[in-house]
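Read through the structure below, which is laid out as structure tokens, and then see the notes.
The values are calculated or read from the model by the stated rules, or taken from the named source; none is laboratory data. Computed from a predicted model, the values in this text were never measured in an experiment. Positions of Cβ are backbone-derived with ideal geometry, glycine not excepted, and every protein chain shown enters the neighbour counts. Quick note on the areas: whole protein, heavy atoms, side chains included, nothing else; ligands and nucleic acids left out. Shrake-Rupley method; radii C 1.70, N 1.55, O 1.52, S 1.80 Å.
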Amino acid sequence: MGSTNNKVIAKNTIVLYLRMIISMLISFYTSRLILKSLGVVDFGIYNVVSGFVVMLSFLNLSLSNSTQRYLIYYLGKGNLNKLKEVFSASLLIHSIFALVIVVVCECAGLWYIHMVMVFPIERMGAALVAFHCSIVSLFFVIIAVPFYADIIAHEKMGAYAAITLIDAVLRLGIAIALKFSQNDRLVIYAILLMVSQISIQLSYGYYSKTHFNEVGFVKQIGLKLIKEMLAFSGWTIIGNLAFILYSQGTNMILNVFFGPIVNTARGLAAQVQGSLIQFCSSFQTAVNPQIIKQYASDDLLSMNILVLRSSKISFFLLYFISIPI
């Protein structure tokens, strides 16, 4: 059993690393094209408005972790009825949360853009379009979390890698198309990126719906389960809030004091930082389902060994990349 699990982890890790390397190379080239097409000011404006939307969705990271954990747990238990209930509960929670986020973003975001954000006033119209497109994209991202989490829970890393690579290719296509646009490029970029994001999230939903039996919506959802999932997400709220404030909050403060040009520099630096983090997180994405499934099957000895071993590997993966850089 342990040998089989190790083979699954190794296979999934290789798939995720290949996906990461390809998408990272595409992403770096895409950023260069977009920066050249938009210019430093518009590139900075988009980073700030989209970052503000992401910052208000910090709770979604915690809910995503909770959804993934409960799906993997009951998958490990082999309880299909409970798995269906968990999926339905997570879909309900994320749907409600997505609507709340849209309302909050529309209220707080418009105030921030009009009263706080620093950028050329003639770019107000384009900034508002980019802001609204970011909200629509975020709405679909939140709704698609249960479907994405189900793919990870079933350890279908090949499908996950394929969809994320399609996302990277679509972004590259947008960057190339932007070069030939004669209209407001920030507006065109925001709209095309929104359409791309919606397509990717629908792909997660379609794949899950056609491959997994638990995908659907059951009418009877226990209130106790919803409370449990929300309580579990509470354990990660502080860490996720700190990460969002550090990454996106810094961008907002830089904008207030230095304007959108500095935001462009910060956005490019953050992309490099994110690529480094992916070296570690890709391996952890592959190993997490096995840890939770071993816990669900009460194989605590194997689980502890895997936790310790994966922690060491994650450390050295990040260590060997970070030190030279």
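General observations
- Residue-level analysis places SER88 among those that are crowded, with 20+ Cβ neighbours inside 10 Å and within 21 Å of ALA296 (Cα to Cα).
- Screening VAL195, VAL262, VAL218 for residues that are more than 22 Å from the chain's Cα centre (by Cα) and assigned to a helix (DSSP H, G or I) leaves exactly one candidate, VAL262.
- Evaluation of THR210 against the conditions (1) in contact with a helix residue (DSSP H, G or I) (Cβ under 9 Å, 6 or more places away or on another chain); (2) among the β-branched types (Val, Ile, Thr); (3) assigned to a helix (DSSP H, G or I) shows that the sole unmet condition is (1).
- Taking the range 163-192 as the range and being without any contact (Cβ under 8 Å) to a residue 12 or more places away in the chain, part of a helix (DSSP H, G or I) and more than 23 Å from LEU18 (Cβ to Cβ) as the test, only ILE188 passes.
- Condition broken by TYR207, with the remaining ones in (1) within 25 Å of PHE87 (Cα to Cα); (2) of a type in the set (Phe, Trp, Tyr); (3) touching a Leu at 6+ places or on another chain (Cβ under 9 Å) satisfied: (3)
- Options VAL256, VAL287, VAL262; residue that is over 26 Å from PHE52 (Cβ atoms) and either of a type in the set (Val, Ile, Thr) or in contact with a strand residue (DSSP E or B) (Cβ under 7 Å, 6 or more places away or on another chain) (or both): VAL287
- Hey, SER37 open to solvent by less than 20 Å² (accessible area, probe 1.4 Å), at pLDDT 80 or above and under 19 Å from GLY173 (Cα atoms) or not: yes
- Test: residue in the range 215-235 that is closer than 21 Å to VAL41 by Cβ, open to solvent by 50 Å² or more (accessible area, probe 1.4 Å) and of a type outside the set (A, V, I, L, M): no
- Some residue of the range 42-50 being at pLDDT 85 or above, open to solvent by 40 Å² or more (accessible area, probe 1.4 Å) and either in contact with a strand residue (DSSP E or B) (Cβ under 7 Å, 6 or more places away or on another chain) or of a type outside the set (Phe, Trp, Tyr) (or both): no
- Residue satisfying all of: in the range 145-202; aromatic (Phe, Trp, Tyr) and within 30 Å of GLY125 (Cα to Cα); least open to solvent (accessible area, probe 1.4 Å) among these: TYR189
- Residue within the range 239-258 that is over 26 Å from ARG32 (Cα atoms), among the polar types (S, T, N, Q) and part of a helix (DSSP H, G or I) present: yes
- So ALA130, is it buried (at least 21 other Cβ atoms within 10 Å of the Cβ) and either over 30 Å from LYS293 (Cα atoms) or without any contact (Cβ under 8 Å) to a residue 24 or more places away in the chain (or both): yes
- The condition of being in contact (Cβ under 8 Å) with a residue 40 or more places away in the chain, among the hydrophobic types (A, V, I, L, M, F, W, C) and under 18 Å from GLY205 (Cα atoms) holds for only one of LEU75, LEU63, LEU80, that being LEU63.
- Lone qualifier among PHE87, PHE139, PHE97, PHE147 - being in contact (Cβ under 8 Å) with a residue 40 or more places away in the chain, hydrophobic (A, V, I, L, M, F, W, C) and in contact with an Asp or Glu (Cβ under 9 Å, 6 or more places away or on another chain): PHE87
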